[in-house]
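Below you'll find the structure, written out as structure tokens, and then a few comments.
The values are calculated or read from the model by the stated rules, or taken from the named source; none is laboratory data. Predicted model only: the values in this text are computed from it and were never measured. Here the Cβ positions follow ideal geometry from the backbone for every residue, glycine too, while neighbour counts run over all protein chains shown.
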């Protein structure tokens, strides 16, 4: 059975994959190894030597960590976007993704992976989080189940007041 939470997880996975591809493209354009970010993520598990090499088991571990985090971020996003109209869903998903970036870096990565904090460029990572939010919102809109009132698919006003009932015509006495 499709739930909002499973839609959020899948949307997070798709957004995470798109984000990773964007960052890999950015790395190629800047003359850096495409494996830089997955290797930096792996540093928290296997140590600083993971950041020194090319593709390895550490790269796969870093990518798996990124994807697991993306799925978790998609799941966490559900209460914020659950029944919003499409435009607001995308907007809230972008705000959520961009706001999570400094929060996670400041509260988690400064102690779990300080090398990633030091080595991550602000502009591309911020753009990647904007892209994550856009994709998260768009995919969630396609996957979320019908609203509780039975309207098919994503709708703009899930909790709208129903139209007034027309008055009953009484015959003249």
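On inspection, residue 84 fails the criterion of being over 30 Å from residue 44 (Cβ atoms), surrounded by 14 or more Cβ atoms within 10 Å (Cβ to Cβ) and either touching a strand residue (DSSP E or B) at 6+ places or on another chain (Cβ under 8 Å) or modelled with pLDDT of 95 or more (or both). Looking at region 7-25, can you tell me whether even one residue there is more than 16 Å from residue 129 (Cβ to Cβ) and surrounded by fewer than 16 Cβ atoms within 10 Å (Cβ to Cβ)? No: zero hits. Restricting attention to region 107-127, which residues are in a helix (DSSP H, G or I) and over 18 Å from residue 26 (Cβ atoms)? Of everything in region 107-127, those that are in a helix (DSSP H, G or I) and over 18 Å from residue 26 (Cβ atoms) turn out to be 107, 108, 109, 110, 111, 112, 114, 115.
For region 60-71, state whether one or more residues are assigned to a helix (DSSP H, G or I), modelled with pLDDT under 95 and surrounded by 17 or more Cβ atoms within 10 Å (Cβ to Cβ). No, region 60-71 contains no residue that is assigned to a helix (DSSP H, G or I), modelled with pLDDT under 95 and surrounded by 17 or more Cβ atoms within 10 Å (Cβ to Cβ). Of the residues that make up region 99-122, is at least one in contact with a helix residue (DSSP H, G or I) (Cβ under 8 Å, 6 or more places away or on another chain) and more than 30 Å from residue 49 (Cβ to Cβ)? The answer is no, given that none of the residues of region 99-122 is in contact with a helix residue (DSSP H, G or I) (Cβ under 8 Å, 6 or more places away or on another chain) and more than 30 Å from residue 49 (Cβ to Cβ).
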